[in-house]
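Sharing a structure with you now.
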Amino acid sequence: MVIRNAGSNYYVETSDLRDNILSPGTGNVAFEIDQSKHYNLCAIGAGLTGTVFTERAANHISYKVLLLDARPHIGGNVYDFIDLQTGIRRNQYGAHLFHTDSDGVGRYVNNNPSAGEWKR
């Protein structure tokens, strides 16, 4: 999976594991960092905080960002996917609920194409 914003300020690449399902005991995926590229910001951890932080830096202050994580996907513990065999959305690490009283957070989650599609 590759995600780029309109200005190409950020780039996410994940491994090509079979069926996009992480089996128990799956090891870390190793990528070499292209040291010829220049980044204004490097964030460690592609969970909710890391992905939002780097997206905001890329889109609102035009930073070129590098986001690193030990797992081969973004989203941290709230990562989910469509099971290719059943067509059912699955939570890789168990079900999670997202609550907020902030209208701004709600708009960000539901209207930002970089945030993905949220299901109620």
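Roughly what would the spin-label model give for residue 105 and residue 52, points 7 Å off Cα along C-beta, in nm?
0.6
What is the sum of charges around residue 45, taking Lys and Arg as +1, Asp and Glu as -1, for the other residues whose C-beta is under 13 Å from the C-beta of residue 45? Kindly include the intermediate steps, with their values, before the conclusion.
Details: positive: 71; negative: 69.
Within the 13 Å Cβ shell, the charges total 0.
Pulled fully out, how much extra length does the chain show between residue 60 and residue 89, if you take 0.36 nm times their separation in residues and subtract their Cα-Cα distance?
Once the chain is fully extended between residue 60 and residue 89, it gains 7.3 nm.
Values quoted throughout were computed directly from the atomic coordinates according to the rules given, and no laboratory measurement underlies them. A quick note: this is a predicted structure, and the numbers were derived from the prediction, not measured. Every residue, glycine among them, receives a Cβ derived from its backbone with ideal geometry; neighbour counts consider all protein chains shown.
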